[in-house]
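Bear in mind that the values in this text are calculations on the coordinates, not laboratory data. Source: prediction; values computed, not measured. FYI the Cβ positions are ideal-geometry reconstructions off the backbone, even for glycines, and counts take in every protein chain you see.
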Amino acid sequence: MLHIYCGDGKGKTTASLGLALRGAGSQMRVHIFQFMKGNESSEFLALKYVPNITVQRCNKNYGFTRNMTLQDKTEITQCHNELLQKAENLLLTHQTDMLILDEFNTAYDYPLLERQFADRMIFNRPLNVEIILTGRNPHPKFIEIADYISEIKAVRHPFEKGIKARKGIEF
């Protein structure tokens, strides 16, 4: 089934990781591929200790897209395409039960990945694998085929008061 966690609120990644924990607790093989982010965050440090969950991401933080150079965009796109290839290989070889593509919607929207490749992977997915897409603004074609869609709406955020991201809460 295809799940989408989207919206402008905090918690899309957190929701997908809750599902990852539930799946791992049921002996599912969970693979998380994180797009757009490169900094270590507390939840991913904790996941290293959970059996049946693996995490892969780019090894560099490129920051916000508005601050990326053309070189940065080229590099992150290459990294994202490599992540997609690894994810597709897991699907084709039946080595995963749950595939989380964190911030996929954002990478797809900008576009900082090969869209045709991503389309093929999503539209030709094995139906017995749970695929979770997170990030703002999912493409309408993914909304159309999704089995679950959860929109997380921002009502209030400490950032609006100038409070910076806090370890263990925002990262």
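Here is how the numbers come out for the structure above:
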quantity: Qualifying chymotrypsin sites (Phe, Trp or Tyr not before Pro) in the stretch 49-156, DSSP loop, other Cβ atoms within 10 Å at most 15; calculated: Y49, F64
quantity: Cα-centre dipole for the chain with unit charges at Cβ (Lys and Arg positive, Asp and Glu negative), debye to 20; calculated: 520
quantity: The chain: calculated mean residue ellipticity at 222 nm from DSSP helix runs of at least 4, using -39500 (n - 2.57); calculated: -11000 deg cm²/dmol
quantity: In nm, spacing of pseudo-spin labels at S26 and N39 (7 Å Cα→C-beta vector); calculated: 3.4
quantity: Within the stretch 95-157, trypsin sites (Lys or Arg not before Pro) in DSSP loop having at most 13 other beta-carbon neighbours inside 10 Å; calculated: K153, R156
quantity: Entries of K60/K141; K86/K167; K10/K60; K10/K48; K37/K167; K60/K153 with Cα pairs more than 25 Å apart; calculated: K60/K141; K86/K167; K60/K153
quantity: Translational D in µm²/s for the stretch 1-68 (Stokes-Einstein at 37 °C, 0.692 mPa s, Kirkwood Rh from C-alpha pairs); calculated: 247
quantity: Directionally averaged projected area (convex hull, Cα atoms, the stretch 76-171), nm²; calculated: 7.7
quantity: Calculated P(r) of the stretch 92-145 - Cα pairs past 19 Å, %; calculated: 22
quantity: GluC sites (Glu not before Pro) restricted to DSSP loop in the stretch 16-103 with at most 13 other C-beta within 10 Å; calculated: E40
quantity: Over the chain: Kirkwood hydrodynamic radius from C-alpha pairwise inverse distances, Å; calculated: 16.4
